[in-house]
Every structure is written in structure tokens, then in C-alpha cells.
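Notes follow once the structure below has been shown.
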Amino acid sequence: MLLSFSTATSRLHRRPTLDPASSRQPSTIAVRQLNSRDLQWLPALADLLIDGVHHGASLGFLAPLSRYAALDHWHGVFARLGAHQSLWIACETTEAGDEGPLQGAVQLSLCPRVNAHHRGEVQRLMVHSGARGRGIASQLMHRVEYAAAEQGRSLLVLETPAGSQAEAVYAHLGWQRAGEIPDYDACAEGRLHGSALYYKRLARLV
């Protein structure tokens, strides 16, 4: 699992968006799950991925990332959504329930093996560069943790670049560092870096 934190605002994310009247209403961040039919979010998800990679996030791609490659990635994600793979997004939402710009996303992969039905993996947590400091990463993580617990999973794992800001986020959210693998991945600029492995035990839901 890889977390994207960056520092500049993208000029994209035009669909779905708010109309001029609703954009003047107070908004909050809402987290919800997408399904394979929610293809209207593909352009915004592509923008989010490009934003992360172009600001140095290690998300499995090298910069510059083309829009074609970003869209191709998300088409593959949507094709895999189902019982063992889920996608959650965070977006602006007005009091009237209108959805605005996409601000973050995260994926949850539940292990399908019969001897590992107790665990899952958090993957590609992304927060838009213009939405830092709003607790969006925490909201997304809390939601996937609860979703995993609802499905009987008692253990989650993830991996993130060693020494990154993301490590502080996970520690704050109660994740435990299990170790580090040197030279595990290349960053967006192509340099090798280590990967930190984290896990979290989930409380059983009554």
C-alpha cells in the first residue's frame, strides 16, 4: 500500500463537480465505496493518480505519468472490484448531498486464500496535493479498517516508503512497524528506496 502526499493543487478534477449554486454551500469530506458501474469517477481518479506521481509519491509509476496510463490503471482496478477488492473515495459533499471534487482514494484487498481469510491489505492510499491537513487520510483509513472488520478480517497489512511522511500517519493511526526492506521500489523519479512494512490488528465487531 502506498500513500500519496504532495503540495500543489491540480487544475483538473472537473467531474463529478458542483454546480455554481451548490459550490457556495458549506462542504465536508464524505467517504464512500465505489462499484464497477461508477465509471463517471474515472477522469477524477486519473487526475488524482497523476497529481500524486507528479509530486513524488511512490504509487507504482514513474514520472511523468501520462493520462492514458493513469486511465488504463483505473480501468484495471474497476475490472477487479468485487468480493475481495474494494475502492473507497473521499470527496467534497455539501449539506444538500451534492458531490464535489475528488480529494482522496484508497483500495482494500482481502486475501481470498482459505488459510488467510483473516487478513487483508490496504493499497494505494492517495490524498490530493491541495487537500493536505484535513484528516482525509485518517477518514479513508478508518473506513477501510471498519469495512475489513465487518467482513471478519482481524489483521491488515500495508507497505509504504521508508522514512516518508506516511509513516507518521500510520503510527498516529495505531499501525505497528514490522520492518524494512532496502531498495524495494523506485520512487517517481527513479531512485531506489526502502519499503517499511506495517500491520494492524482489528477489533472484532460485536
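Here, each number is a calculation from the coordinates, and none is a lab measurement. Here the structure is a predicted model, which means the values were calculated and not measured. No Cβ is skipped: glycine too gets one built from the backbone with ideal geometry, and neighbour counts run over all protein chains shown.
Below, the figures for the structure above:
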item	result
Summed residue charge, Cβ within 13 Å of Ala70's Cβ, Lys/Arg positive, Asp/Glu negative	-1
For the stretch 27-78, alpha-carbon Rg over 2.2 N^0.38 Å	1.20
Highest-first arrangement of 170-176, 142-148, where packing means the average Cβ count within 10 Å	142-148, 170-176
Inter-label distance, nm, simple model (7 Å from Cα along the C-beta direction), Arg132/Arg80	2.8 nm
Packing-based exposure ordering (other Cβ within 10 Å, fewest first) of Thr160, Thr28	Thr28, Thr160
Compactness index (Cα Rg / 2.2 N^0.38 Å), the chain	1.00
Neighbour-count order for Met126, Met141, fewest beta carbons within 10 angstrom listed first	Met141, Met126
Footprinting exposure proxy for Leu140, Leu42 (fewest neighbouring C-beta atoms within 10 Å first)	Leu42, Leu140
Spin-label proximity, Gln40 to the stretch 81-113 - amide N less than 19 Å from point 7 Å beyond Cα toward beta carbon	87-105
